[in-house]
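Enquirer: Encoded as structure tokens, here's the structure I'll be asking about.
We did not get these values from a lab; they are worked out from the coordinates using the rules stated. As the structure is a prediction and not an experimental result, all values here were calculated from the model. Backbone-built Cβ (ideal geometry, glycine too); neighbour counts: all protein chains shown.
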Protein chains: 2
Amino acid sequence: MGETGALIPFGTVRASVRTSARAGQAANGRGERAARPAAEPLWREVLGDQLRALRRERGETLIETSGRAGISPQYLSEVERGIKEPSSEMIAAMAGALDVSLVELTLGVAETLRAVRPAAGTARASVSASASAAGRYGAFALAA
Amino acid sequence: MGETGALIPFGTVRASVRTSARAGQAANGRGERAARPAAEPLWREVLGDQLRALRRERGETLIETSGRAGISPQYLSEVERGIKEPSSEMIAAMAGALDVSLVELTLGVAETLRAVRPAAGTARASVSASASAAGRYGAFALAA
DNA sequence: CGTTTTGTCTGCTCGCAGCGGAATTCCGCG
DNA sequence: CGCGGAATTCCGCTGCGAGCAGACAAAACG
């Protein structure tokens, strides 16, 4: 496969996962964590989209991919939807099941993040892809 | 700061975190999870090294950086050493405290992973850096 | 040398990872 | 169109790890 880093069409706004109530109490002296940039998605959201895109590129079902990764299809579904935060071992297993290296997977995540918020001086992502990606995570931020 | 993706000198072999005994039972019909490539490090290890490198580049202590991130210094130490798997919110907070975007952080992780296992066709990392990185994660793989 | 600062170790709690059964949605077929 | 099977999502559960704070060790400083 190896076609990583492709920009990913996105789905719905996510249920949130752990956001520890105790974390972030001291961040900037106002009881707030250091603010993450507006509209910047969370790692697990982008990772999940990347994994689903890779699986669908292979034309596979949750059951097929999860079987090779040694995890339950229900859990893979939740990871792909950004609902659960997988461990590094799980990430490695899923990458292996999809025949991509961790490098390729991580680069794919970075490319998707860049599409949402292009860094100065980097090659511009296509307009429609940027708009699509920005719309998805932008909506998330606004909903939050 | 923004100087991400620099190759990172590494430390000791890690205590491991959760590796669910139930995960991976069905991976390849032999009760094994799909094998991750030999000597490929785990995401949390490389992330931790990246965070520590960034903090040290700023000339900061655990207490300073963790204070801005809104987390405990003991916890930041464990994350940097690859002992704990932080949530996406924690990762975002730490990135913010270090003045890097998630893109930059992720690219830095990808670069470090590539140094361990250069992909075909990419620019070769320096020999000593590659040897250093490979030695660190290679030892881990052998110990495992 | 003593003191301070920095980083690591350790035990704790509480909330979630990862699971599996059930429910819902999707899809191909007649 | 309805139907059956496949695929995906929902939901509740439990074991265990995230994240913490006190204690300890190591390093730095005067």
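Enquirer: Over the whole of A:93-99, what's the average partner chain Cβ count within 10 Å per residue? Rounded to a whole number, please. Mind dumping the intermediate values first?
Expert: On the way: counts 7, 2, 5, 8, 4, 1, 1.
Counting other chains' Cβ atoms within 10 Å and averaging over A:93-99 gives 4.
Enquirer: Put a label point 7 Å from Cα along the Cβ direction on A:Glu60, then list its distances to the equivalent points in the other copies in nm, shortest first.
Expert: Result for A:Glu60, in nm, nearest copy first: 3.9.
Enquirer: So how far apart, in nm, are the two label points at A:Thr61 and B:Ser72 if each is 7 Å from Cα heading toward Cβ?
Expert: For A:Thr61 paired with B:Ser72, the spin-label model returns 4.6 nm.
Enquirer: Turning to a different aspect of this structure: In peptide B:79-92, what is the residue-averaged number of other protein chain Cβ atoms found within 10 Å of each Cβ? Each step should come with its number before you reach the end.
Expert: Working: counts 0, 0, 0, 1, 0, 0, 7, 3, 9, 14, 13, 8, 5, 9.
For this peptide, the per-residue mean of nearby foreign Cβ atoms is 5.
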